[in-house]
Amino acid sequence: DTGVSQDPRHKITKRGQNVTFRCDPISEHNRLYWYRQTLGQGPEFLTYFQNEAQLEKSRLLSDRFSAERPKGSFSTLEIQRTEQGDSAMYLCASRRQGGTDTQYFGPGTRLTVL
Amino acid sequence: AQSVTQPDIHITVSEGASLELRCNYSYGATPYLFWYVQSPGQGLQLLLKYFSGDTLVQGIKGFEAEFKRSQSSFNLRKPSVHWSDAAEYFCAVGAGAQKLVFGQGTRLTINP
């Protein structure tokens with residue numbers, strides 16, 4: 001069990017640029033979640049996948065955000081035309097399908113938009 | 001809608017003292033409840049969870065939490081804190097397909 005990994009750990013970009021983050025879940029976990037955490041706040045749910053299907057999206061996920069999990073393994077989160085308000089920690093979590101299984105979190109990607 | 005309230009934004013305790021972090025939730029069904037800890041710049045580590053059964057749950061690092069349905073609370077406790085416990089603590093409720101709704105967090109500072 002190697003844990004959830006995220007890449008990059010830090011990203012600095014200029015307003016208007018596109019950025020993409022990657023999440024590799026724990027290998028046998030078929031559910032994958034993305035959360036956003038701003039300074040001084042708890043994480044907020046963005047979206048989740050069961051295998052390759054994106055089953056739920058938060059209204060926080062504007063049309064500039066897109067997430068994919070093409071083969072049901074790793075996932076990417078892309079933000080187009082970044083804004084300063086997108087600056088946050090983006091956290092990925094994974095779990096097995098099942099009512100009581102725990103979500104395991106990755107270390108996060110810290111995005112700073114200048 | 002589901003929500004979690006952590007009334008204390010920041011708590012300071014002395015090393016060796018006891019600790020209680022408060023958490024109140026709002027959820028229409030039987031809740032799944034969690035406590036996570038986050039060190040600066042890091043992801044979240046699960047301390048403990050409650051799904052059903054015994055309302056007093058034991059976790060890692062000597063932490064425990066008690067589920068009180070009548071008070072909609074799930075407070076976290078530790079009898080004696082260590083300097084390494086300084087971190088941010090988040091209470092969360094499982095909602096829907098187990099997406100989590102988090103509280104604002106409580107930052108714990110330990111005085112030597």
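Looking only at region A:89-114, count how many residues are under 23 Å from A:Arg31 (Cα atoms) and either more than 13 Å from chain B (Cβ to nearest Cβ) or of a type in the set (Phe, Trp, Tyr) (or both).
Total meeting the criteria: 3.
Being touching an Asp or Glu at 6+ places or on another chain (Cβ under 9 Å) and of a type in the set (D, E, K, R) narrows it down to one residue among B:Lys49, B:Lys61; which is it?
B:Lys61
Regarding A:Phe49, is this residue free of Cβ contacts under 8 Å to residues at least 24 places away in the same chain, within 13 Å of chain B (Cβ to nearest Cβ) and aromatic (Phe, Trp, Tyr)?
In short, no.
Considering A:Thr82, A:Thr102, which residue is free of Cβ contacts under 8 Å to residues at least 12 places away in the same chain, open to solvent by less than 30 Å² (accessible area, probe 1.4 Å) and not in a strand (DSSP E or B)?
Answer to the selection: A:Thr102.
Is it the case that region B:65-75 has a residue that's closer than 23 Å to A:Leu39 by Cα, crowded, with 21+ Cβ neighbours inside 10 Å and small (Gly, Ala, Ser)?
Within region B:65-75, none of the residues are closer than 23 Å to A:Leu39 by Cα, crowded, with 21+ Cβ neighbours inside 10 Å and small (Gly, Ala, Ser).
If A:Glu56 passes every condition in (1) within 11 Å of another protein chain (Cβ to nearest Cβ); (2) in a loop (DSSP other than H, G, I, E, B); (3) more than 18 Å from B:Gln104 (Cα to Cα); (4) not aromatic (Phe, Trp, Tyr) but one, which one does it miss?
Here A:Glu56 meets the rest and fails (2).
Out of region B:46-60, which residues are over 11 Å from the mean Cα position of the chain (by Cα), open to solvent by 40 Å² or more (accessible area, probe 1.4 Å) and of a type outside the set (Gly, Ala, Ser)?
B:Asp54, B:Thr55, B:Leu56, B:Gln58, B:Ile60
Please state which of the following conditions B:Gly41 fails to meet, knowing it meets all the rest: (1) more than 14 Å from every other protein chain (Cβ to nearest Cβ); (2) small (Gly, Ala, Ser); (3) open to solvent by 10 Å² or more (accessible area, probe 1.4 Å).
Going through the list (1) more than 14 Å from every other protein chain (Cβ to nearest Cβ); (2) small (Gly, Ala, Ser); (3) open to solvent by 10 Å² or more (accessible area, probe 1.4 Å), B:Gly41 breaks only (1).
If a residue must be in contact (Cβ under 8 Å) with a residue 24 or more places away in the chain and within 14 Å of another protein chain (Cβ to nearest Cβ), how many such residues does region B:2-23 contain?
Final tally of qualifying residues: 10.
All but one of (1) without any contact (Cβ under 8 Å) to a residue 12 or more places away in the chain; (2) surrounded by 14 or more Cβ atoms within 10 Å (Cβ to Cβ); (3) not in a strand (DSSP E or B) hold for A:Leu61; which doesn't?
(1)
Assess whether B:Val101 counts as being open to solvent by less than 10 Å² (accessible area, probe 1.4 Å), outside any loop (DSSP other than H, G, I, E, B) and of a type in the set (Val, Ile, Thr).
Here the answer is no, as B:Val101 does not meet what is asked.
The values are calculated or read from the model by the stated rules, or taken from the named source; none is laboratory data. Computed from a predicted model, the values in this text were never measured in an experiment. In this analysis, Cβ positions are derived from the backbone assuming ideal geometry, glycine residues included, and neighbour counts consider all displayed protein chains. Side chains are part of the model used for accessible areas, which takes the heavy atoms of the whole protein and leaves out ligands, DNA and RNA. Shrake-Rupley method; radii C 1.70, N 1.55, O 1.52, S 1.80 Å.
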